[in-house]
Amino acid sequence: MGKGLGSGSDGSLLKLTREERREMLLLEERGELPTEIDRSTDLFFRFLLGRPSRTHLLLDLVNAIFETLGHPRVRRLELAETELAPEGWRRKHARLDLRAVDEHGRHLNIELQREGHEHFVPRCLYYWGKSYVRQLGAGRSYHDLRATVLISLLGFPLFPEERPGVWDFVLTNPVTRKVLTWDELLVYVELKKFRDGIDRIRERMKADPTHKLTDEERLAVWSGYMSNDGMGVSLMRTALSGDKVFEEVTAAEREYWGTPEYRYYQLRAQMDELDRRAIEETRIKKAEQRGMEQGMAQGMAQAKRETVRNLLRMGVDVRTAAEATGLPIEEIEGLR
């Protein structure tokens with residue numbers, strides 16, 4: 001997020017500096033603000049699902065995930081603070097996309113992750129652990145701890161060779177598969193793996209417009225929508241326009257995209273992403289160049305050593321071999 005550009009915990013308020021607002025108005029006047037919404041941004045995610053007035057939308061998504069995995073439905077969700085303050089001086093600060101507490105007191109952390117990286121899973125464990133540990137304040141007992149669920153909606157494949165698009169993990173024995181505890185639950189939804197499911201729903205709705213979606217089908221529609229899948233978005237707006245939840249999702253999107261501040265935020269976020277990728281590509285190229293230079297240097301050194309061995313076999317003295325190749329006399333003595 002750019003400097004000076006921020007939002008409330010539910011994404012309902014953008015704070016622009018005077019310079020940023022002037023730039024936004026100029027871009028709007030020129031028609032240079034984005035015309036296509038990106039539903040995978042953190043701000044839209046919080047705007048859509050992080051407001052108390054739209055908690056029932058988040059509940060619909062969570063239950064679609066839980067039912068698909070065979071977990072009991074959640075009856076009620078209450079939004080919670082997303083800032084996870086550090087437990088000590090110089091400890092890492094963390095901020096989640098969405099946090100909620102269900103009727104059993106379980107803490108649900110819902111994250112939308114656009115891109116993967118090599119430390120993604122350790123990051124998940126860190127966020128889960130931080131949410132679990134922060135429940136206990138001074139004077140409280142372990143009895144007060146409640147289960148913590150981390151739900152990650154992924155814009156990338158976590159298990160590219162596997163067909164399922166939704167996964168859950170708990171602490172189990174690797175041999176007997178006995179569960180140690182349900183207090184740690186990690187859930188991953190690979191959004192783009194539901195494309196085939198969207199196709200099937202579209203065909204089913206054509207054959208029977210009154211068809212009531214199963215929870216797995218609802219998850220497919222949510223996945224297509226959050227990953228900007230054109231067919232998923234179209235399905236939500238047309239065949240499923242009578243669905244109360246999806247109708248409200250579409251209305252919230254219109255409200256969001258009708259505000260120039262949010263379009264300006266998306267533009268800034270896209271520019272930051274391009275800058276980040278450019279920096280990363282530059283680092284990779286420099287590392288590759290260093291590797292090539294090191295390889296060339298090692299190759300030249302090896303060639304010089306072979307030349308010295310050949311000269312020594314021919315009876316050339318050490319000093320002459322050193323002058324011919326530039327290798328130190330001590331190294332040539334070692335080769336001899």
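The values are calculated or read from the model by the stated rules, or taken from the named source; none is laboratory data. Given the structure is predicted, the values throughout are model-derived calculations rather than measurements. A quick note on method: Cβ atoms are made from the backbone with ideal geometry, for glycine too, and the neighbour counts reach across all protein chains shown. Side chains included, ligands, DNA and RNA excluded: accessible areas come from the protein's heavy atoms. Shrake-Rupley method; radii C 1.70, N 1.55, O 1.52, S 1.80 Å.
Just give me the residues in the range 149-165 being closer than 23 Å to Val101 by Cβ and either under 15 Å from the mean Cα position of the chain (by Cα) or open to solvent by 30 Å² or more (accessible area, probe 1.4 Å) (or both), in sequence order. Once the filter is applied, which keeps residues that are closer than 23 Å to Val101 by Cβ and either under 15 Å from the mean Cα position of the chain (by Cα) or open to solvent by 30 Å² or more (accessible area, probe 1.4 Å) (or both), the range 149-165 yields Leu150, Ile151, Ser152, Leu153.
Identify the residue in the range 32-56 that is in a helix (DSSP H, G or I) and within 21 Å of the chain's Cα centre (by Cα) and, among all such residues, is surrounded by the most Cβ atoms within 10 Å (Cβ to Cβ). Result: Leu49. Elements of the type helices (runs of 4 or more DSSP H) sitting completely within the range 207-270 and holding at least 3 residues that are among the acidic types (Asp, Glu): these cover 215-226, 244-257.
Across the range 99-145, the number of residues qualifying as surrounded by 15 or more Cβ atoms within 10 Å (Cβ to Cβ), over 18 Å from the mean Cα position of the chain (by Cα) and not in a helix (DSSP H, G or I) comes to 7. Of the residues making up the range 251-266, those that are open to solvent by less than 30 Å² (accessible area, probe 1.4 Å) and within 11 Å of Thr35 (Cα to Cα) are Pro260, Tyr264, Gln266.
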